[in-house]
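Asker: The following block contains the structure, expressed as structure tokens.
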Amino acid sequence: MATTDLLRGNAVIGQSGGPTAVINQSLVGIVEGLRAGLHAAGYVSRILGMRHGVRGLTKGELIDLTDIHQDRLDRLASTPSAGLGSTRDKPDDAYCERVIEACRKQDARYFFYIGGNDSADTCRIVHERAVGSGYDLRCLHVPKTVDNDLVENDHCPGFASAARYVAMACMADFMDNISLPGIKINVIMGRHAGFLTAASALARRHDLLLTGRGEESTDGPQLIYVPEVPFEMERFVADVEGWYSRKGRCHIAVSEGIADSEGTPIGATLIEGAQVDAHGNVQLSGSGALGDQLADYLKERLTPVGGKPPRVRADTFGYVQRCWPHASPVDAREARRAGQFAAMLAMQGDRDGSVTIVRQGSGSEMWLGEDNGQPYLSTFRRVELREVAAKTRRMPDEFLAGHNNVSRAFVEYALPLVGELPGFERL
């Protein structure tokens, strides 16, 4: 783009939706990219962070990031959760008017929003309203979500770190299940997409799954249930009984978003007086209702006549999985690069758009011990906001194996993203 396509003014940056272990990497990436580009060239005077997203912007609650020392930025980048604070507000027409007015007041000409599909939609709405009101505002969306459910992306910043947590938590929890046998249920985040719950499969000894030795690991979780496959209670009981009768124990991963054949979320129907956010989403992760219901049902159905009920326990991983302070190295690098790429798009004169991640090399060969593949590589590209906004990506069929498992293809997809996992010894 010619420099005549660039605007002079300030830049505002916000974080929206659920925090992650690497969302601050993207924030820092945007700041670094702006400093090296539009700020250095004299187009952006001040780089302002919105406190709690658009809500803080409309209230004038901003923090000046223009001259913050690089040492602080580097520490912030490796700090989990949203450093600026987040929000789930979705602007309606009146709200949008306040957003545009706040941008006018701050002389903001560049609007960066880090978040998931609802955040992309907010970015789209703000841009369209700015155009309609005759205010030239460049709006760029930077991806973020542990659910990994943004379309047009191979994967999303935040997912790999949460997947790493899920895999390691399930590895340790399975060893606990061996030590004191029983039935253990872990409820994992994932409202509409099962990627994060599927990551529990990385807890298994993937040497058996991936080397083609003709063996199947019986490590937990032995059963994995995701929203992409209808959940049936009677089939669930039969699955658990099969493993319990064989091993005297059973280890299970269940997505919080599992639904019946009609698409009705099972968890949402169990939470009385559930809170609903501005986007109409029932807040599932704050309740243990799903795990408790499944545990009670198994106890009832698997108790022999005149006998004792089996030992059944359920944990809901909850919010800790999205912000555990041990990020995947790949995730941290890509989240920062995504922010830098968004700043580069602004420097090129792009008026709006969403940053997406494209995988160039599979990287699974490093785990397979093969020499005939490409190392893991990724790059970024811009897509239209409408291509991402308010859309949900679900696990493709090739990542599923039956109604209670995931495939080798998913394991190959996820392993290069999460980083090296520990190896536990079994007696």
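Asker: Considering (1) in a helix (DSSP H, G or I); (2) modelled with pLDDT of 90 or more, say which one A268 fails and leave the rest.
Answerer: Condition (2) is where A268 drops out.
Asker: Right, here's the next one. Is it fair to say I13 is hydrophobic (A, V, I, L, M, F, W, C), surrounded by 20 or more Cβ atoms within 10 Å (Cβ to Cβ) and closer than 20 Å to F159 by Cα?
Answerer: no
Asker: List the number of the failed condition for A327; all other conditions in (1) more than 16 Å from the chain's Cα centre (by Cα); (2) modelled with pLDDT of 95 or more hold.
Answerer: (1)
Asker: Same structure, new question: Tell me yes or no: at least one residue of segment 53-74 is under 26 Å from the mean Cα position of the chain (by Cα), at pLDDT below 95 and surrounded by fewer than 19 Cβ atoms within 10 Å (Cβ to Cβ).
Answerer: no
Asker: Which residue, of R322, R313, R301, R336, is assigned to a helix (DSSP H, G or I), basic (K, R) and over 22 Å from S86 (Cβ atoms)?
Answerer: Only one candidate qualifies: R301.
Asker: Go over the candidates A401, A390 one by one and state the one that is surrounded by fewer than 21 Cβ atoms within 10 Å (Cβ to Cβ) and at pLDDT below 95.
Answerer: So the residue among A401, A390 that is surrounded by fewer than 21 Cβ atoms within 10 Å (Cβ to Cβ) and at pLDDT below 95 is A390.
Every residue, every condition in (1) within 28 Å of the chain's Cα centre (by Cα); (2) buried (at least 23 other Cβ atoms within 10 Å of the Cβ); (3) modelled with pLDDT under 95; (4) over 17 Å from V411 (Cβ atoms), yes or no:
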| site | (1), (2), (3), (4) |
| --- | --- |
| D173 | yes, no, no, yes |
| I178 | no, no, yes, yes |
| N186 | yes, yes, no, yes |
| L209 | yes, no, yes, no |
| G242 | no, no, no, yes |
| K247 | no, no, yes, yes |
| A253 | yes, yes, no, no |
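Asker: Of the residues D89, D121, D147, which single one is more than 17 Å from E387 (Cβ to Cβ), surrounded by fewer than 24 Cβ atoms within 10 Å (Cβ to Cβ) and of a type in the set (D, E)?
Answerer: Among D89, D121, D147, only D89 is more than 17 Å from E387 (Cβ to Cβ), surrounded by fewer than 24 Cβ atoms within 10 Å (Cβ to Cβ) and of a type in the set (D, E).
Asker: Please list, ordered by residue number, the strands (runs of 3 or more DSSP E) wholly in segment 36-143 having 2 or more residues that are in contact with a helix residue (DSSP H, G or I) (Cβ under 7 Å, 6 or more places away or on another chain) and aliphatic (A, V, I, L, M).
Answerer: Of the strands (runs of 3 or more DSSP E) lying wholly inside segment 36-143, those with at least 2 residues that are in contact with a helix residue (DSSP H, G or I) (Cβ under 7 Å, 6 or more places away or on another chain) and aliphatic (A, V, I, L, M) span 44-50, 138-143.
Asker: Mind telling me which of the residues R382, R394 ends up being over 20 Å from A162 (Cα atoms) and not acidic (D, E)?
Answerer: R382
Asker: Can you find a residue that is surrounded by fewer than 20 Cβ atoms within 10 Å (Cβ to Cβ) and at pLDDT below 90 anywhere in segment 218-237?
Answerer: yes
Asker: Quickly run through segment 403-419 and pick out the residues that are touching a residue at least 12 places away in the same chain (Cβ under 8 Å) and farther than 24 Å from T356 by Cα.
Answerer: H403, N404, N405, V406, R408
Asker: Quick check on L38: is it in the same structural domain as S119 (by TED's automatic domain parsing) and crowded, with 21+ Cβ neighbours inside 10 Å? Working first, answer last.
Answerer: Numbers: in the same structural domain as S119 (by TED's automatic domain parsing): yes; crowded, with 21+ Cβ neighbours inside 10 Å: yes.
Considered against the rule, which asks whether it is in the same structural domain as S119 (by TED's automatic domain parsing) and crowded, with 21+ Cβ neighbours inside 10 Å, L38 comes out as yes.
Asker: Counting only residues that are part of a helix (DSSP H, G or I), under 24 Å from A289 (Cα atoms), among the charged types (D, E, K, R) and in contact with a helix residue (DSSP H, G or I) (Cβ under 7 Å, 6 or more places away or on another chain), how many does segment 144-192 have?
Answerer: 0
Asker: Every residue in segment 91-127 that is acidic (D, E) and either touching a strand residue (DSSP E or B) at 6+ places or on another chain (Cβ under 9 Å) or under 23 Å from D149 (Cα atoms) (or both), please.
Answerer: D107, D118, D121
Asker: Go through segment 160-187 and count every residue that is farther than 30 Å from P143 by Cβ and in contact with a Leu (Cβ under 8 Å, 6 or more places away or on another chain).
Answerer: Residues flagged as farther than 30 Å from P143 by Cβ and in contact with a Leu (Cβ under 8 Å, 6 or more places away or on another chain) within segment 160-187 amount to 2.
The values are calculated or read from the model by the stated rules, or taken from the named source; none is laboratory data. If you're wondering where the values come from, they're calculated on a predicted model, not measured in any experiment. Reconstructed Cβ throughout: ideal geometry from the backbone, glycine too, with neighbour counts over all protein chains shown.
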